[in-house]
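Below is one structure; the comments refer to it alone.
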Amino acid sequence: FNKVMTAQYFLWWISFWPLILINNRLASKDQVWKFGLCVVIVATVQAFWGYYANAFENGGENTLLEIQATNFVFLVANMGCCLFMLKN
């Protein structure tokens, strides 16, 4: 819930995924597709966020509304995936 929104703050926990997958229910066959869906969702939202942030910083375009909307989706996606992993 940091007021500064950058992709780096959320990338650090990806390095823990291999450890999370060891000895828990995420590695079971019925949970693997859900974990894969989390990976795809986080990567997609992060790509959108990066696109709009790059257009704003390097292209000088007015994408502040898009960045703010993507921030909310990014937060929900990351929290949803974190909650999924904690649950399992």
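The values are calculated or read from the model by the stated rules, or taken from the named source; none is laboratory data. These numbers come from a predicted model, not from an experiment. Neighbour counts run over all protein chains shown; Cβ positions are idealised from the backbone, glycine included. Side chains are part of the model used for accessible areas, which takes the heavy atoms of the whole protein and leaves out ligands, DNA and RNA. Shrake-Rupley method; radii C 1.70, N 1.55, O 1.52, S 1.80 Å.
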Query raised in the report: Mind checking whether some residue in the range 2-10 is at pLDDT 80 or above, among the charged types (D, E, K, R) and exposed (fewer than 14 other Cβ atoms within 10 Å of the Cβ)?
Result: no
Query raised in the report: Got a sec? Which of Ala53, Ala77 is closer than 19 Å to Trp12 by Cα, in a helix (DSSP H, G or I) and out of contact with any strand residue (DSSP E or B) (no Cβ under 8 Å at 6 or more places or on another chain)?
Result: Ala77
**Report entry** Enumeration of residues in the range 56-74 that are charged (D, E, K, R), without any contact (Cβ under 8 Å) to a residue 12 or more places away in the chain and assigned to a helix (DSSP H, G or I)
**Finding:** Glu57
Requested in this report: Give the number of residues within the range 23-69 that are within 16 Å of Phe84 (Cβ to Cβ), under 12 Å from the mean Cα position of the chain (by Cα) and small (Gly, Ala, Ser).
Outcome: 1
Report task. Specify the residue that is most open to solvent (accessible area, probe 1.4 Å); the eligible residues are those in the range 75-88 that are free of Cβ contacts under 8 Å to residues at least 24 places away in the same chain and under 11 Å from the mean Cα position of the chain (by Cα). Result -> Val76
Requested in this report: Could you grab me the full set of residues in the range 22-38 that are in contact (Cβ under 8 Å) with a residue 12 or more places away in the chain and assigned to a helix (DSSP H, G or I)?
Outcome: Arg25, Leu26, Gln31, Lys34, Phe35, Cys38
